[in-house]
Amino acid sequence: MQELIARYEQMGISRKVFEYGEATIKNLTDRFAEIDSIAEYNQAKVLSAMQKNRVSAVCFAATTGYGYDDVGRDNLEKVYADVFHTEAALVRPQITCGTHALTVALSANLLPGDELLSPVGLPYDTLQEVIGIRPSPCSLAEYGVSYRQVDLLTDGSFDYDGIRNAISEKTKLITIQRSKGYATRPTFSVSQIGELIAFCKSVKPDVLVMVDNCYGEFVETIEPSDVGADMTVGSLIKNPGGGLAPIGGYICGTQECVSRCAYRLSAPGLGQEVGANLGIMTALYQGFFLAPTVVAGAEKGAIFAANLYEPLGFHCVPNATESRHDIIQAVELGSEEAMIAFCKGIQAAAPVDSYVDPLPWEMPGYNDKVIMAAGAFVQGSSIELSADGPIRPPYAVYFQGGLTWLHAKTGILMSLQKLLDAGLVQL
Ligand SMILES: *Cc1c(COP(=O)(O)O)cnc(C)c1O
């Protein structure tokens with residue numbers, strides 16, 4: 001233990017912060033065991049899907065050009081479809097990020113005159129331009145797709161009456177965001193999402209439902225596709241890439257929806273048949289294989305952060321004790337200064353770019369200045385230890401990731417150290 005304390009001190013983490021951390025961890029044994037048991041279930045689920053689809057060295061071969069008959073790519077899509085229990089999946093390096101995957105899913109399945117409904121309030125920042133809530137070239141609004149929104153009730157629950165009234169003849173697709181994103185509402189559990197989907201389909205049986213699953217994969221034993229979502233969508237540089245995927249997005253869903261997505265992504269008539277894998281299949285398979293454990297480590301980090309910061313007077317969402325449905329931890333720090341100190345700590349603890357000082361900047365797709373701390377092997381990867389947040393009240397940082405629990409722990413201790421050094425908190 002003395003050796004460890006000395007090691008941390010060399011890195012700039014004081015004995016005081018370390019010992020406060022150890023006292024916090026002592027109380028988390030049961031919760032960590034629960035997370036491990038979910039990870040074990042999900043590990044078995046992924047393993048079974050890989051075995052069933054006879055993953056072999058052939059699947060890791062690079063393809064170039066059109067990518068016709070790309071066995072590795074096609075088989076990975078079967079593996080994803082089996083894990084998500086869907087008819088089909090589109091898992092591609094040509095999907096550049098989560099926003100792109102969601103854009104493909106929406107624009108492939110909405111036609112001029114159709115209406116999109118969000119029954120869970122304002123969607124994630126980047127989607128606001130995709131939809132045209134904030135006017136933007138090539139938005140869905142420009143293509144004649146209208147948008148309606150029903151906000152959550154003040155207690156965070158679904159406004160069922162409002163949703164019933166908002167669903168009309170025109171409502172073609174309903175978008176549900178699982179994770180809180182940059183909001184301070186709670187993240188929905190998969191079963192809550194299931195109730196909402198069932199309600200929407202009882203009002204309009206043929207309505208399509210898409211779930212933005214970013215940051216939610218493998219946190220529970222079921223996914224939105226298990227409770228009626230027609231499309232479940234996310235990014236490979238978040239949970240399902242397991243930290244190894246260098247790029248990519250996925251859409252798992254019904255054959256009809258996924259085929260349309262493929263036609264939108266490539267071209268009508270081409271669909272899933274084209275798209276070379278450029279030699280990244282090993283990373284996509286292996287990352288998916290590691291994802292359940294990586295997600296578990298990240299979730300432990302999030303719980304640790306809440307239990308560390310809440311007793312110091314910072315409002316945490318989720319709070320120190322409530323159940324979790326994604327890997328994000330919001331900590332409301334109350335000032336820009338404190339956000340910068342926190343992010344400096346995360347950055348200083350990174351394996352890559354640890355010498356860089358994060359500063360707020362005008363990031364494309366976001367309305368407010370954003371600060372981001374990430375010293376990641378994959379640029380912008382937020383399954384790796386990272387913290388970010390828009391510079392606006394309540395000055396919340398959204399902390400997530402950590403390829404290992406122990407690295408997440410180091411980063412969080414370092415963030416607290418920076419707040420302490422800046423005189424913004426007392427231990
Ligand atoms: C990250 C995220 C997105 C967008 O993903 P990018 O890969 O950053 O484009 C969309 N929705 C939610 C809830 C997210 O967390």
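The values are calculated or read from the model by the stated rules, or taken from the named source; none is laboratory data. Keep in mind the model is a prediction, meaning the values are calculated, not measured. As a convention, Cβ positions derive from the backbone with ideal geometry for all residues, glycine included, and neighbour counts pool all protein chains shown.
Taking the stretch 336-378 as the range and being loosely packed, with under 14 Cβ neighbours inside 10 Å and of a type in the set (S, T, N, Q) as the test, only 354 passes.
Apart from one condition, residue 26 fits all of (1) without any contact (Cβ under 8 Å) to a residue 12 or more places away in the chain; (2) under 26 Å from the mean Cα position of the chain (by Cα); the exception is (2).
Taking residue 269, is it surrounded by 24 or more Cβ atoms within 10 Å (Cβ to Cβ), in the same structural domain as residue 99 (by TED's automatic domain parsing) and modelled with pLDDT of 95 or more? Taking the combined requirement at face value, the residue does not satisfy it.
Selection within the stretch 147-199: residues that are loosely packed, with under 14 Cβ neighbours inside 10 Å, in a loop (DSSP other than H, G, I, E, B) and among the small types (Gly, Ala, Ser). The member of this set that is farthest from the ligand (Cβ to nearest atom) is 168.
Being among the small types (Gly, Ala, Ser) and surrounded by fewer than 24 Cβ atoms within 10 Å (Cβ to Cβ) is true for just one of 381, 415. Which residue is that?
381
Exactly one residue among 16, 78, 45, 52 is within 30 Å of residue 427 (Cα to Cα) and at pLDDT 95 or above, and that residue is 16. Looking across the stretch 123-158 at every residue that is modelled with pLDDT of 95 or more and under 21 Å from the mean Cα position of the chain (by Cα), the one that is nearest to residue 189 (Cα to Cα) is identified as 152. Residue 134 passes every criterion in (1) surrounded by fewer than 18 Cβ atoms within 10 Å (Cβ to Cβ); (2) more than 16 Å from the ligand (Cβ to nearest atom); (3) touching a residue at least 60 places away in the same chain (Cβ under 8 Å) apart from (2). Looking across the stretch 180-214 at every residue that is modelled with pLDDT under 95 and among the polar types (S, T, N, Q), the one that is nearest to residue 98 (Cα to Cα) is identified as 187. Residue check: residue 68 meets all listed conditions (1) over 20 Å from residue 248 (Cα atoms); (2) surrounded by fewer than 18 Cβ atoms within 10 Å (Cβ to Cβ) but one, namely (1). Do the conditions hold for residue 327, that is, is it assigned to a strand (DSSP E or B) and within 15 Å of the ligand (Cβ to nearest atom)? No; evaluated as a whole, the condition is false for this residue. Among the residues here, residue 317 does not qualify as out of contact with any strand residue (DSSP E or B) (no Cβ under 6 Å at 6 or more places or on another chain) and β-branched (Val, Ile, Thr). The condition (being under 26 Å from residue 27 (Cβ atoms) and of a type outside the set (Val, Ile, Thr)) is satisfied by just one residue among 376, 422, 305: 305. crowded, with 18+ Cβ neighbours inside 10 Å, more than 16 Å from the ligand (Cβ to nearest atom) and more than 30 Å from residue 291 (Cβ to Cβ): is that true of residue 81 in this structure? Spelling it out, it is not the case that residue 81 is crowded, with 18+ Cβ neighbours inside 10 Å, more than 16 Å from the ligand (Cβ to nearest atom) and more than 30 Å from residue 291 (Cβ to Cβ).
Whenever a residue of the stretch 180-201 is aromatic (Phe, Trp, Tyr), its partners that are part of a loop (DSSP other than H, G, I, E, B), lying with C-beta atoms within less than 8 angstrom and at least six residues away or across chains, give the pairs 182/124; 188/120; 188/178; 188/325; 199/158.
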